[in-house]
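Enquirer: Quick one: the structure is below, questions incoming.
The values are calculated or read from the model by the stated rules, or taken from the named source; none is laboratory data. These numbers come from a predicted model, not from an experiment. Note: ideal-geometry Cβ built from the backbone for every residue, glycine included; neighbour counts use all protein chains shown. Calculation scope for accessible area: heavy atoms of the full protein, side chains included, ligands and nucleic acids excluded. Shrake-Rupley method; radii C 1.70, N 1.55, O 1.52, S 1.80 Å.
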Amino acid sequence: QVQLVESGGGLVQAGGSLRLSCAASGRTFSSGAMGWFRQAPGKEREFVAAISRSGSSTYYADSVKGRFTISRDNAKNTAFLEMNNLKPEDTAVYYCAARLGGLAKTSTSDYDYWGQGTQVTVSS
């Protein structure tokens, strides 16, 4: 079992930055890939970024490529999402997810554990 707790969300103006953290406990954090997803009101949960077990492979949604960076610190059981040049359309609840496999994946169905989410609101 893995427990995930996100933090770092908040209200920011367009063009600003936020850094989300995902603290993991339980099953060895370093054993699986991690991902970030987001869900805006009235929309389905969508892929944002993913990182492999070792951190050597990362993937991004086209909408955030060049602005967001995913990383992980296996020694601290924590994953991060650095978000720069935020836009109003980035407003959503952001979820951290973990999977048992080591390969980074982009589908919600590939992930086994989910956090409760943290709200990110970008004002124009």
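Enquirer: Would you check if there is a residue in the range 1-13 being touching an Asp or Glu at 6+ places or on another chain (Cβ under 8 Å) and modelled with pLDDT under 95? Quick ask: steps written out before the conclusion?
Expert: The first filter runs over the range 1-13 and keeps only residues touching an Asp or Glu at 6+ places or on another chain (Cβ under 8 Å), leaving 2.
So of that shortlist, the ones also modelled with pLDDT under 95 come out as 2.
Yes, the range 1-13 has at least one match.
Enquirer: Return only the number of the condition from (1) touching a residue at least 12 places away in the same chain (Cβ under 8 Å); (2) in contact with a helix residue (DSSP H, G or I) (Cβ under 9 Å, 6 or more places away or on another chain); (3) of a type outside the set (Val, Ile, Thr) that Gly26 does not satisfy.
Expert: Gly26 satisfies all of (1) touching a residue at least 12 places away in the same chain (Cβ under 8 Å); (2) in contact with a helix residue (DSSP H, G or I) (Cβ under 9 Å, 6 or more places away or on another chain); (3) of a type outside the set (Val, Ile, Thr) except (2).
Enquirer: Can I ask one more? In the range 33-88, what count of residues is obtained for those that are of a type in the set (S, T, N, Q), loosely packed, with under 15 Cβ neighbours inside 10 Å and under 16 Å from Gly9 (Cβ atoms)?
Expert: Counting residues in the range 33-88 that are of a type in the set (S, T, N, Q), loosely packed, with under 15 Cβ neighbours inside 10 Å and under 16 Å from Gly9 (Cβ atoms) gives 1.
Enquirer: Out of curiosity, is Thr91 under 13 Å from the mean Cα position of the chain (by Cα) and of a type in the set (Val, Ile, Thr)?
Expert: No: the conditions fail for Thr91.
Enquirer: Which one is modelled with the lowest pLDDT among residues in the range 89-103 that are open to solvent by 30 Å² or more (accessible area, probe 1.4 Å) and outside any strand (DSSP E or B)? Give the steps one after another, and end with the answer.
Expert: Our first condition is that a residue be open to solvent by 30 Å² or more (accessible area, probe 1.4 Å); within the range 89-103, this holds for 89, 91, 93, 95, 99-100, 103.
Narrowing further to those that are outside any strand (DSSP E or B): 89, 91, 99-100, 103.
On the way: Glu89: 97, Thr91: 98, Arg99: 93, Leu100: 90, Leu103: 94.
Looking at residues that are open to solvent by 30 Å² or more (accessible area, probe 1.4 Å) and outside any strand (DSSP E or B), I get Leu100.
Enquirer: I'd like the full set of residues that are open to solvent by less than 80 Å² (accessible area, probe 1.4 Å) and within 16 Å of Leu81 (Cβ to Cβ), limited to the range 1-18.
Expert: Leu4, Glu6, Ser7, Gly8, Gly9, Gly10, Val12, Gly16, Ser17, Leu18
Enquirer: Here is a follow-up. Any chance you could count how many residues in the range 36-55 are more than 17 Å from Gln119 (Cα to Cα) and modelled with pLDDT of 95 or more? Reasoning before the result, please.
Expert: Step one: filter the range 36-55 for residues more than 17 Å from Gln119 (Cα to Cα), giving 50-55.
The next check asks that each one be modelled with pLDDT of 95 or more; those that pass are 50-52.
Count: 3.
Enquirer: Something else: Which condition number in (1) open to solvent by 40 Å² or more (accessible area, probe 1.4 Å); (2) under 14 Å from the mean Cα position of the chain (by Cα); (3) among the polar types (S, T, N, Q) is the one that Ser21 fails?
Expert: For Ser21, the exception is condition (1).
Enquirer: Hey, another quick one. Can you pull out every residue in the range 104-124 that is exposed (fewer than 14 other Cβ atoms within 10 Å of the Cβ), touching a residue at least 12 places away in the same chain (Cβ under 8 Å) and either of a type in the set (Gly, Ala, Ser) or touching a helix residue (DSSP H, G or I) at 6+ places or on another chain (Cβ under 8 Å) (or both)?
Expert: Ser107, Ser123, Ser124
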